[in-house]
Amino acid sequence: MPEILDVTPSTPRELAIRRRLAAPRAAVWRCWTEPALLEPWFCPRPWRVTDVSLDVRPGGASSMIMRGPDGEAFPNDGVYLEVVPQTRLVFTDAFRAGWVIADEPLFVGIVELEDAPEGGTLYTARARHFTDEGKASHEAMGFHEGWGVAAEQLEETAASL
């Protein structure tokens, strides 16, 4: 289970988690950037993602469907804004492929990876929201618990590589 570390949001509309993962940084990066490796961990079980397509480059699109245990299906599309291999991934749901503006953008996601001094990966995930209401809604949906469980699943997947 990942070690929970303190993290201070860097803006008032940010939600963030920080964990020490018992997996190499290169493996954690692969889990964020390879569709087959993203599927097992991205949603807290019993939710899952399917139909994953990732064009991991600035301006590249991402697309997947988040599926719930009762048949719910929510498209989750976005665009990558910054890609620094094995270090930083910035993405948003404000745009779709081809820079088409989304109807209801929620946030910009920032994933930062560092080598942990005692081994493994320091993993920080931030969600910067466009509005106070968006942040409050994301927090009420269970951001900290959901992204925390996803981090556990990420660690499990990355450690298996």
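With respect to being in contact with an Asp or Glu (Cβ under 9 Å, 6 or more places away or on another chain), small (G, A, S), surrounded by 13 or more Cβ atoms within 10 Å (Cβ to Cβ) and farther than 19 Å from L38 by Cα, A94 falls outside the description. Filtering the range 1-19 to residues that are buried (at least 18 other Cβ atoms within 10 Å of the Cβ) and either of a type in the set (S, T, N, Q) or within 18 Å of T157 (Cα to Cα) (or both) leaves P2, R18, R19.
Quick check: anything in the range 73-90 touching a residue at least 12 places away in the same chain (Cβ under 8 Å) and of a type in the set (D, E)? Within the range 73-90, one or more residues are touching a residue at least 12 places away in the same chain (Cβ under 8 Å) and of a type in the set (D, E). Quick one: which of A158, A125, A136, A151 is farther than 20 Å from L54 by Cα and not in a loop (DSSP other than H, G, I, E, B)? Result: A136 is the single residue among A158, A125, A136, A151 that is farther than 20 Å from L54 by Cα and not in a loop (DSSP other than H, G, I, E, B). Any residue at all in the range 119-142 that is exposed (fewer than 13 other Cβ atoms within 10 Å of the Cβ), touching a residue at least 12 places away in the same chain (Cβ under 8 Å) and within 17 Å of V28 (Cα to Cα)? Looking through the range 119-142, at least one residue is exposed (fewer than 13 other Cβ atoms within 10 Å of the Cβ), touching a residue at least 12 places away in the same chain (Cβ under 8 Å) and within 17 Å of V28 (Cα to Cα). Cβ-Cβ contacts under 6 Å between residues 6 or more apart (or on different chains), taken from a first residue in the range 57-72 that is more than 27 Å from W99 (Cβ to Cβ) and at pLDDT 95 or above to a second residue that is hydrophobic (A, V, I, L, M, F, W, C) and assigned to a loop (DSSP other than H, G, I, E, B), are listed as G68/W47.
Residues being buried (at least 16 other Cβ atoms within 10 Å of the Cβ) and β-branched (V, I, T) are entirely absent from the range 59-67.
The values are calculated or read from the model by the stated rules, or taken from the named source; none is laboratory data. Predicted model only: the values in this text are computed from it and were never measured. Every residue, glycine among them, receives a Cβ derived from its backbone with ideal geometry; neighbour counts consider all protein chains shown.
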